[in-house]
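Notes follow once the structure below has been shown.
Read the figures in this text as sums done on the coordinates, not as results from a lab. Keep in mind the model is a prediction, meaning the values are calculated, not measured. Counting neighbours? That spans all protein chains shown, and the Cβs are built from the backbone with ideal geometry, glycine included.
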Amino acid sequence: MAYGGYSYLELNYKPGKDDFVVLLWAKGTVNINNLAEAIAAESSVGTFTKIKTMNERIFKHYRAHVFEIIKTSEDSGFIKIAYPLEHFDQKNVIQFCASVMGNIYGLLEIEELYIMDISFPEKYQRQFKGPIGLEAIRKYVGTEKSRRPHCGTIVKPKVGLTPNEFADVAYKVLANGLDLVKDDENLVDQDFCKWRDRADLVNKAMNRAELETGEKKLYCCNISDSSIERMEKRLDYLHSHGLKLVMLDVFVLGMPATIHMVNMAHRYRMFTHAHRAGFAAVHRSGDGYSFGILEKFYRMFGLDQLHVGTGVGKMDGAPHTIRRFARLARDNEIKASIAEGGLEISKFDKSIAPMMPVASGGLHAGLTEGLFEIFGNDFTMQAGGGVHGHPKGSEAGAKALRAAADAIGEGITLEEKAKTSKELNEELKKFGYVKGYKVRRMLNFFDENADLFEMIVKKQGMSAIRMFDKTFDARGNVSEHHIISKKV
Ligand code: 3PG
């Protein structure tokens with residue numbers, strides 16, 4: 001078996017600590033072993049034919065090693081490939097992506113190619129500084145002791161408000177319990193809401209709310225732009241006006257711009273908040289790669305807060321999938337299975353601090369217990385519609401969300417908390433209440449049957465993983481939210 005005259009198949013190869021390991025799903029028009037060889041060749045040193053310029057040194061040091069194939073049919077399966085560290089330009093992630101996540105997608109014999117996970121050697125990770133991190137954000141907000149989730153809102157409508165209208169909403173929610181207020185991904189510097197006017201007015205509103213409440217607040221100010229120069233100017237401006245957090249639309253910005261802006265923010269000791277708009281174009285497609293890979297990159301780059309999905313809100317992703325994304329944001333050793341979409345183990349070097357996972361998209365206070373089951377205590381929950389859609393308006397919505405976050409910190413149910421918070425009570429009446437045990441039951445069911453699901457996935461392939469993601473989806477199984485989200 002060979003591709004272009006060389007074989008990359010080494011089923012007895014054991015990846016070393018300095019190897020990158022890639023797990024992918026492939027289906028094609030040729031036998032799965034040939035497909036694996038083609039992918040390994042094209043992503044490392046090979047081409048379609050034997051070449052006179054190849055030598056033993058190159059093939060020995062720089063080639064990829066296919067060390068495991070889990071065949072699901074003659075022409076499909078899961079493939080694990082190891083790449084040596086010396087193959088890569090280590091200071092340059094673009095070179096890495098062009099190799100491992102590049103040309104292979106276009107090979108004629110490929111019908112489906114989805115890269116599920118990549119593990120990065122600790123030596124490679126150490127070139128990055130990582131996030132300032134979750135604990136530093138908690139310290140700033142003052143929640144290191146209470147460990148309650150942070151709560152925030154995306155000011156809505158997402159575009160259209162004037163700077164004054166925007167700042168007025170920001171003041172109302174920050175003065176009524178929220179920790180964070182945020183621009184949406186598509187609001188930057190439009191004519192109806194000039195960036196600098198908005199930044200100034202929200203800063204004022206935030207200072208006022210801080211004085212009144214005695215709590216530190218955060219404003220996720222979106223500086224994303226096609227011009228690096230404009231982003232730099234905005235960041236300088238925020239820093240010189242004492243703001244602590246800046247928001248970037250990381251996926252559409254691309255990696256070099258993201259790295260550049262994170263480094264600049266961190267030189268100012270400012271936190272970075274990442275909105276991931278656009279990621280699903282690669283994550284959800286047949287040919288693409290998992291958000292988990294992007295997440296590993298983003299954490300190494302040093303983003304401090306990252307949207308990772310919710311498992312219970314309006315965006316795709318079952319609770320067990322989002323739980324893995326929350327762990328990738330926060331933990332240093334993350335175990336997974338192929339059925340969960342990941343390598344058995346992912347490790348972050350100790351120099352890479354935890355980042356704060358952000359749950360956002362279709363949330364309301366009634367989903368907080370479910371979020372807790374998925375995320376634990378350490379996360380930020382953001383609700384746009386769930387705050388501004390409260391029957392009594394944004395102030396009451398903010399109070400309801402804060403009461404829900406406090407309930408988690410206090411270890412009591414939303415039902416109990418609603419007895420002392422009329423705003424939470426009204427919120428639950430409007431949007432409904434998903435009790436935590438319903439989400440926990442699904443997570444437990446997934447965990448208790450892990451071996452069975454792994455066996456099914458190894459027989460049926462990627463379609464089974466996608467089927468599990470739909471079947472164990474809270475919104476299909478937790479009937480209240482399903483019905484309520486249709487009703488509202
Ligand atoms: C986001 O930035 O995640 C969305 O704008 C969330 O908005 P929603 O809470 O109204 O769904």
Under 6 Å between Cβ atoms, at least 6 apart or on separate chains: pull out the pairs that start in region 241-264 with a residue that is in contact (Cβ under 8 Å) with a residue 60 or more places away in the chain and end on any residue that is hydroxyl-bearing (Ser, Thr, Tyr). ASP249/SER224
Of the residues in region 342-366, how many are of a type in the set (Gly, Ala, Ser) and within 16 Å of the ligand (Cβ to nearest atom)? 6
Looking only at residues that are surrounded by fewer than 23 Cβ atoms within 10 Å (Cβ to Cβ) and closer than 15 Å to GLY177 by Cα in region 403-416, which one is farthest from the ligand (Cβ to nearest atom)? GLY409
Pull up region 367-397, narrow it to residues that are within 13 Å of the ligand (Cβ to nearest atom) and in a helix (DSSP H, G or I), then point me to the one that is surrounded by the most Cβ atoms within 10 Å (Cβ to Cβ). VAL387
Could you tell me whether GLY152 is more than 16 Å from the ligand (Cβ to nearest atom), touching a Lys or Arg at 6+ places or on another chain (Cβ under 9 Å), more than 21 Å from VAL252 (Cα to Cα) and not in a helix (DSSP H, G or I)? no
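Rundown of residues vs (1) among the basic types (Lys, Arg); (2) surrounded by fewer than 21 Cβ atoms within 10 Å (Cβ to Cβ), yes/no style:
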| residue | (1), (2) |
| --- | --- |
| ARG196 | yes, yes |
| TYR219 | no, no |
| ILE223 | no, no |
| ILE228 | no, yes |
| LEU235 | no, no |
Any residue that is within 16 Å of the ligand (Cβ to nearest atom) and either over 24 Å from GLU212 (Cα atoms) or among the acidic types (Asp, Glu) (or both) - is there at least one of those in region 139-148? no
Of all residues being within 12 Å of the ligand (Cβ to nearest atom) and within 24 Å of PHE453 (Cα to Cα) in region 272-311, which is nearest to the chain's Cα centre (by Cα)? Just the residue, please. VAL308
Does region 268-292 hold any residues that are in contact with a strand residue (DSSP E or B) (Cβ under 9 Å, 6 or more places away or on another chain), of a type outside the set (Ser, Thr, Tyr) and surrounded by 23 or more Cβ atoms within 10 Å (Cβ to Cβ), and which are they? PHE271, HIS273, ALA274, HIS275, ARG276, GLY292
Some residue of region 172-184 being more than 30 Å from ARG330 (Cα to Cα) and either within 16 Å of the ligand (Cβ to nearest atom) or surrounded by 20 or more Cβ atoms within 10 Å (Cβ to Cβ) (or both): yes
